[in-house]
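Only one structure is covered here, and it is reproduced in the block below.
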Amino acid sequence: MAESVDILAIGAHIGDVEIACGMALAAHVRQGRRVAILHLTPGEKGHPALSPEEYAKQKTAEAREAAAVYGAQVYFLDYRDGELPVNDEVQFQICDVIRACRPQAILTHWQGSIHKDHTACALNIPNAIFYAAIKGFVRKDPPHWVPRLYFAENWEDREGFEPEIFLEVTEEDIALWQTAAERLELFRGGVSRFPYVDYYKALARVRGAETGCQYAVAFAVPPSAHRRRVSSLLG
């Protein structure tokens with residue numbers, strides 16, 4: 001069993017967590033919390049010059065470098081970009097990571113996405129949390145219940161997204177997020193023309209203005225939660 005963490009961020013592709021959840025991870029690292037990252041696929045099929053195999057290798061190395069910026073544990077599943085299924089096998093493997101690192105909160109995708117892997121990731125998580133908590137479901141590690149689930153704001157995951165939780169972040173958090181994100185060629189402009197860093201910085205300012213602070217990041221939550229601004233995603 002790995003060392004327990006406070007937050008586990010789960011992304012469909014390498015890069016999703018770093019860009020959409022990274023400010024929240026940075027804020028909690030600043031507070032002395034421990035974090036972990038799980039990538040379900042490399043997101044290896046989008047490079048204009050490299051083969052999927054070459055880009056997967058590059059992105060895996062970049063993901064380890066980005067995780068090191070946060071002092072985060074990092075895990076990888078072996079699914080292919082664009083081919084992430086929604087089934088028990090995926091959920092069992094996510095369950096195993098949950099039981100290994102025993103988080104108090106999970107951050108992941110909102111299901112209303114233009115990318116099928118993001119939707120698949122979001123749909124797999126609730127059942128994985130369920131399996132992780134069931135004592136009679138025997139796996140390598142003992143059961144663990146995750147009490148908090150948050151859906152991160154992502155430019156690709158906009159359909160039906162309603163921000164309910166606003167986590168205040170600082171300029172220090174944003175700087176750490178940018179340092180980690182730019183370990184990936186994708187966020188240095190080498191793969192896509194989309195201005196990721198500028199977009200998410202501007203979004204943090206907008207969400208801060210909406211909730212009475214300088215910068216914030218927004219999350220959707222399951223229906224039982226209430227709209228509020230918070231200083232931690234851990235209660």
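The values are calculated or read from the model by the stated rules, or taken from the named source; none is laboratory data. Small disclaimer: the values here were computed from a predicted structure and weren't measured. For neighbour counting, all protein chains shown are included, and Cβ atoms are generated from backbone atoms with ideal geometry for every residue, glycine included.
Please work out which one of (1) on the phi > 0 side of the Ramachandran plot; (2) crowded, with 19+ Cβ neighbours inside 10 Å is the condition GLY160 fails and give its number.
With respect to (1) on the phi > 0 side of the Ramachandran plot; (2) crowded, with 19+ Cβ neighbours inside 10 Å, GLY160 is out only on (2).
Which is crowded, with 21+ Cβ neighbours inside 10 Å and either without any contact (Cβ under 8 Å) to a residue 60 or more places away in the chain or not hydrophobic (A, V, I, L, M, F, W, C) (or both), of LEU38, LEU25?
Every option except LEU38 fails the conditions.
Filtering segment 97-121 down to residues that are crowded, with 21+ Cβ neighbours inside 10 Å and small (Gly, Ala, Ser), which residue is farthest from ASP6 (Cα to Cα)?
The qualifying residue farthest from ASP6 (Cα to Cα) is SER113.
Looking at segment 175-197, which of its residues are over 18 Å from ALA27 (Cα atoms), of a type outside the set (Ser, Thr, Tyr) and assigned to a helix (DSSP H, G or I)?
Answer for segment 175-197, where residues must be over 18 Å from ALA27 (Cα atoms), of a type outside the set (Ser, Thr, Tyr) and assigned to a helix (DSSP H, G or I): GLU185, LEU186, PHE187, ARG188.
Filter segment 134-174 down to the residues that are free of Cβ contacts under 8 Å to residues at least 60 places away in the same chain and in a helix (DSSP H, G or I) and list them by number.
GLU171
Tell me which residues, restricted to segment 128-184, are basic (Lys, Arg) and out of contact with any Pro (no Cβ under 7 Å at 6 or more places or on another chain).
ARG139, LYS140, ARG148, ARG158, ARG183
Could you please find all residues in segment 134-177 being among the hydrophobic types (A, V, I, L, M, F, W, C) and either more than 27 Å from GLU89 (Cα to Cα) or at pLDDT below 95 (or both)?
Matches in segment 134-177: PHE137, VAL138, TRP155, PHE161, ILE165, PHE166, LEU167, VAL169, ILE174, ALA175, LEU176, TRP177.
Return the residues of segment 178-235 that are buried (at least 17 other Cβ atoms within 10 Å of the Cβ), touching a Phe, Trp or Tyr at 6+ places or on another chain (Cβ under 9 Å) and of a type in the set (Lys, Arg); say none if nothing qualifies.
Listed by number, the list holds a single entry, ARG207.
Are there any strands (runs of 3 or more DSSP E) wholly within segment 27-133 with 3 or more residues that are touching a Phe, Trp or Tyr at 6+ places or on another chain (Cβ under 8 Å) and at pLDDT 95 or above, and if so which?
Output list reads 35-41, 105-109.
Counting just the residues of segment 59-96 that are under 14 Å from ILE10 (Cβ atoms) and of a type in the set (S, T, N, Q), which one comes out surrounded by the most Cβ atoms within 10 Å (Cβ to Cβ)?
GLN91
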